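Contents: one structure, followed by commentary.
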Amino acid sequence: MNNAVKEQIEETIASVMHPAIDLSLTTLGIVKDVKVTDKKAEVTFAFPFPNIPIADQLINSIRNPVTNLGVIFDYQVVIMSEEERQKFLQLEASAWKGM
């Protein structure tokens, strides 16, 4: 895969905003890791708590633009560490806009 495609995938993922917080999923730490290999993007989502109600919405907000680029989307979900969760909660409080 050429670097231009990889950069396009990474930029696409980095531009996806949280629906209720005026920050990107990457900035919030929800998109924790992105690995792009031959026509495949593997994304690790880190959620602050288990069973968050909009988990599927957040995952699909990344899945849809990535698959539109003709790339296979794969993901895993982990729970944030305490340090990551505290950072997320501070960002959430500072940039909350509501749904």
What is the one condition in (1) farther than 16 Å from Lys87 by Cα; (2) of a type outside the set (Gly, Ala, Ser); (3) in contact with a Ser or Thr (Cβ under 6 Å, 6 or more places away or on another chain) that Lys32 does not satisfy?
(1)
Please go through the stretch 8-59 and pick out each residue that is hydroxyl-bearing (Ser, Thr, Tyr) and closer than 13 Å to Asp74 by Cβ.
Thr37, Thr44
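Taken together, the values in this text are just the output of simple stated rules run on the coordinates, not laboratory data. Please read these numbers as outputs of a predicted model, since none were measured by experiment. Cβ coordinates were reconstructed from backbone atoms using ideal geometry, including for glycine residues, and neighbour counts include every protein chain displayed.
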